[in-house]
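The values are calculated or read from the model by the stated rules, or taken from the named source; none is laboratory data. Just so it is clear, the model here is predicted, and its values are computed rather than measured. Surface accessibility is based on the protein's heavy atoms, side chains included, excluding ligands, DNA and RNA. Shrake-Rupley method; radii C 1.70, N 1.55, O 1.52, S 1.80 Å.
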Amino acid sequence: EVEDAKAKLAEERALFMREKDATHSKMLGEAEARLASSMKANEEATKATQEELHTLRKRLESDRQKFVGEIRERQKEVEDDRAQLDAEKKAYKDAKRKAAADMETEAEKRRDAT
């Protein structure tokens, strides 16, 4: 009777251990499946983020080139305006000198005439 009880207890213990192992295996399988799903979602999100980052970098470079072009164009306009202003200043000074020289010549002619 004791031997039967020991055998039955051993059998129940073995059954319990098999059930425990099966439960743990099932839980481990479910956890691995969740992990795999999470990793796949992370990979997809990373890929989408990298694509978006690449697109933003391309747009940033395009905008930078556009703005650099606009700045160079405006610098050229400023240089052209400055050159034109310098030419106008020189023409004004030349005209002023010529007018002064003409007035001096006229004054000399009047003095010589008198």
(message) Please pick out the residue among 70, 108 that is open to solvent by less than 100 Å² (accessible area, probe 1.4 Å) and at pLDDT below 95.
(response) 108
(request) Looking for whichever is open to solvent by less than 100 Å² (accessible area, probe 1.4 Å) and more than 48 Å from the chain's Cα centre (by Cα) here; the options are 83, 113. Which one fits? (result) 113
